[in-house]
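Remarks on the structure that follows.
The values are calculated or read from the model by the stated rules, or taken from the named source; none is laboratory data. None of the values given here were measured: they were computed from a predicted structure. Because the Cβ atoms are built from the backbone with ideal geometry, glycine has one as well, and the counts that use them run over all protein chains shown.
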Amino acid sequence: MANIRTIDYKGFASASDGTGPKGWMLWSGSEDLSGSAYSGVGMELVAGSESYLKFDASADGAELDIRAKKFFIGTETSQFISGSAGNIEISSSLFHLDPQNNSLIIGADATINADLSVNNLFVPAGATASNAKAYISSSGVAKFSGDGAGNYNVDFTPGTSSIAGWVISSDRLQASNLIINSDGNIQTTNFQSSLVGTGQGWKIGSDGVAEFEEARIRGTLSTAVFEKDTISAVGGAVIIANATTISGSDIISTNTTFSVESSNGFVVGEYLVAKATSSTGFTEETFKIESTGSGTLMVSRSGAIPTMSSGQVIVSKAASGSGYILLNGSSGDYAPYMEMVERTGSGVDDLETKVLLGNLGSLGSSTGFGDLTGQTGLYTDNVYLKGAISASSGKIGGVSISSNKLHIGSGNYNDDNTEFYVDDTGQFSLKDKLTWDGSNLALTGTITIGPSSTSEVDFGYSASLSASAAETAAQGFADNAATSASNAQTAATNAAQGFADNAAASASTAQSTANAASSSAGYALASSSAQQTTIDGYVAQLVLANDAIEISTSGQSPDFGLARFGTTTNFYDGVGSAAANVKLRLNADGVRAYGDNTTTYADVTNEGLAIIDNDVEVGKFGATMRVGQDSATKSALRVDGSGNLTIGPQGKTNISMSAANGNVSFEGLVSAVNFSEKYVVVNSGNVANYTASNGAGVNLLFDGSGGGEITMNMQLDVDPGKIMDIIIPNAAASQSAEVQIVINANGCSYENEDISGGYATAATQRQN
C-alpha cells in the first residue's frame, strides 16, 4: 500500500477510539494498519470518535463518513448545508430548512407522491389560526374565511359550523337573529306569537301564515283578506288622526304613564284609543290624557287591555274643539260611510258629526230631514260647489226635485196643495191661482196696482174686460157714453198691462228660483262626484278580488304594482308589475327571493335552501348541504346527514373529512406555499402525558392518548426511560406514518440501544 500520513498515525480504529494518536492519511492499495483494514483508495482525517472525515473507495463501493459537531457546505449568500447544536440547515434559492425558526420553506411547487398527514394546515403561508384565510386543524376544525371581497366564509368549528356567518345545524341555518328551518319556517330567534303572550319578532310559517309587528310596503299589497291588529283596519274602521306607538317596556293594565315614540301634537284632555290582540280576539280601550312630557303621556284609563308591547299603536280621538276622520268599511250597523267628527266637550261621548258621506242611518231623525235610516248620501252644514248640480230627486231649501219637475207641496200642476210648480214641458203654477200651460196665462184673484187700495181692480174670473162689456155699460149713461167707454177701455188696458207685467215678473222670479235650485243641485252633485273620484282612486290602488288582493300606485306617477296577495303572493321591485319585476314570491311550495334577474334566485322549500345562478343550482342547504354545482365536471363542497365533508365533482371525492374521527383524505397531490408541523417539547413537567409503560420500558405517545397533544414531531429534553414502541396517530393497517424525534438528553435508549444526546432520528411506524 502506498500512503501519506502524519507521523505515528496508526490508522482509523485507534485514532477514533482514542487509543492511538490523531492524524490523517491518504492511501492507495491494500494493507492492515494497526487493526484497520484498507483497500482501494481513500483519505481520512481523524480527531476523535465524533470528529473525523473518512472517504473509502474499495472494490465493494465507496463510503464518505463525516463526523463533526458543526459543519458548513456551500456559499452563505446563495446555497449551503450546515449543522450545529443538533440542528441542520439547508438553504437554496427555492428551499430553506430552518431549524432555528422551526420552518421549512419551499419556494416552488411541491409534489408529494404519497399520503400527506399533518396536524394543522394554514393558508396563506405564515398564517395562524386567528388570521388564516383557510385552515384545517388536527382537532377537526376547518375554516375558509373568504377573500374580503364578498366571497363566501365557511367555518366548520365543531358546534359552531357556519357559512358566511350562518350557523349550520342538522335541521336549520341560523344567523345572529334569523333562523331558516328545514321544515319551511323562517323566523327571528326571539319570535313569540301574540296569540300565546306578548308578541315579538316575526315569523313566516310553512303553513303560509306570517306574523309581524309592523309591515311597510312601498308598492301594492294584494290579499284575499287583510286584517290589521291595530286601531286601523282595511275592511273595518280607519281613523285618520294624530297617532304614535308605545316604546320601551311593556305597558300593563295598571300603568298610567306611557313611554311613546313621540308625544308631539298631543294635549291635555285629548282622548286616545288602542286596539290590541289577545287569545280571544281584539280588545279596545280609550284613554284620556292628563299630562304630557317629552316622549311620555300620562293618562286615565279603564285597564281593559292587559298588556301593550313596544310598537303598539295608539290613535287620537281628538280634544275639545278638534276632530278626526273615520272611514268605516264594514264595522257596525251603518257601514259603509266616511265621517268627520268634532269633539264638542270634555266627556268621552261629546262628539258631533260634521260631515257624513255614505250610509246616513246613524243620524236617525235628528237632522230635521225625517228618518234617514236606510238612506245613502251626504250630510253636512254647508255645501259649496263650483259647477253644475244634476239630480233626479231630493230637496233644496224646501223645493222638491223630481225627475222632470220642481215643486213645493204635493207636486201637482194647478193644485191648491202645490205652492210652487214648474216642469220640463213649460207648465208653471202658483197653487191654482196663477197658471201658465205653455200658451195661456190665467189669474184668479185680485191684482193690486200701486200702494193704495183705491187702485184695486177686480177682474172676477177673467183677466180681461172686453170693449163690448164697456159699451153695454155705457148705454146706461146716455150723456156720457163715449166718455164712459173711453174711460173703461183705458182702465181695462191699464189693468191688463199691469197684470201682464206682474205675470211676467212672477214668471221671471220663478225662473230665477228654478235656476238657483238647479245651480245648488249642480254644486251638490259636483261635491259628491269629487268625493267619488277620490274613493275611486283608492279603489283603483287597492283591488279586492275573490282570490287575491292587489296593491298598486294606480293613478300615480310612476304607476306600478307593489304587491299581490293570493295563493301565490308576489312583492314587486317598485318599477313594474310584470313577472320580471317580482322580487319575492310566497306560495305553498315555499319562498323564492330573486336577484337582479329571473334566473338568479334563492328557494326556501321543505327540502331546505337552494341557491340558483343563471338557472343553475350552485348551492343547497338542507338535511344535506352542497356549495357549488351538482356537476360531474365541477367541484362542490358537500356535507351529508352524518356531518361528513367532501369536496369534489359529482360521483367523486377529491377531499374528504370524517365527522367521526376528523381524518382528512386527499385524492391527488397537495401543493402548498408553506407547510408547518406541530413540534412538542417533552420535559420533566409533561413527560407523563407523552409516555406509557409497557412492562419492559415505555411507549412514546404521539397520538394524544396520554393526555398530551397529538403531534408528529417530538423533542426529548428528559430521559423518558427505555423506549420500546412509538404510538403514532391515525395510522391504519394500510398506511404508514413518519415521526421525528429529537433527542436532547443523555441516557436515552431505544429497545436495547443507547441514544446519545444531540441526535435527531426519524422513525417510521406501521400501526398494526
Evaluate the following for SER300: is it exposed (fewer than 13 other Cβ atoms within 10 Å of the Cβ) and touching a residue at least 60 places away in the same chain (Cβ under 8 Å)? no
PHE72 meets each of (1) modelled with pLDDT of 85 or more; (2) within 30 Å of HIS96 (Cβ to Cβ) with one exception, condition (1)
So which residues in the stretch 618-640 are within 24 Å of ILE204 (Cα to Cα) and either free of Cβ contacts under 8 Å to residues at least 60 places away in the same chain or in a strand (DSSP E or B) (or both), if there are any at all? GLY619, LYS620, PHE621, THR624, MET625
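Can you name the residue in the stretch 541-562 that is loosely packed, with under 14 Cβ neighbours inside 10 Å and more than 14 Å from GLY574 (Cα to Cα) and is also modelled with the highest pLDDT among such residues?
ASP547
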Can you find a residue that is part of a strand (DSSP E or B) and either within 24 Å of GLY409 (Cα to Cα) or modelled with pLDDT of 90 or more (or both) anywhere in the stretch 358-372? no
For the stretch 246-264, what are the residues that are touching a residue at least 40 places away in the same chain (Cβ under 8 Å) and either touching a Pro at 6+ places or on another chain (Cβ under 6 Å) or not polar (S, T, N, Q) (or both)? ILE246, GLY248, ASP250, ILE251, ILE252, SER253, PHE258, VAL260
Pairs please, first residue from the stretch 400-412 and within 15 Å of SER390 (Cβ to Cβ), second anywhere and β-branched (Val, Ile, Thr), Cβ atoms under 6 Å, 6+ apart in sequence or on different chains. LEU406/VAL399; LEU406/VAL422
Over the stretch 586-632, the set of residues touching a Leu at 6+ places or on another chain (Cβ under 8 Å) and under 21 Å from TYR572 (Cβ atoms) is VAL591, ARG592, ALA593, TYR594, ALA602, ASP603
Answer from ASN686, ASN694, ASN713, ASN730 - the residue that is modelled with pLDDT of 90 or more and farther than 17 Å from ASN102 by Cα: ASN686
Positions within the stretch 109-130 being touching a strand residue (DSSP E or B) at 6+ places or on another chain (Cβ under 9 Å), assigned to a loop (DSSP other than H, G, I, E, B) and either farther than 20 Å from ASN713 by Cα or polar (S, T, N, Q) (or both), in sequence order: ALA110, SER117, ASN119, ASN120, PRO124, THR128
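Please return the ranges of strands (runs of 3 or more DSSP E) entirely within the stretch 10-102 where 3 or more residues are touching a residue at least 24 places away in the same chain (Cβ under 8 Å).
In the stretch 10-102, 41-48 are the strands (runs of 3 or more DSSP E) which contain 3 or more residues that are touching a residue at least 24 places away in the same chain (Cβ under 8 Å).
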Please enumerate the residues belonging to the stretch 312-335 that are assigned to a loop (DSSP other than H, G, I, E, B) and either loosely packed, with under 15 Cβ neighbours inside 10 Å or polar (S, T, N, Q) (or both). GLN312, SER320, GLY321, SER322, SER330, SER331, GLY332, ASP333
Residue match in the stretch 620-643 (condition: of a type in the set (Phe, Trp, Tyr) and crowded, with 16+ Cβ neighbours inside 10 Å): yes
Checklist (1) more than 21 Å from the chain's Cα centre (by Cα); (2) under 28 Å from LEU178 (Cβ atoms) applied to GLY608, failing item: (1)
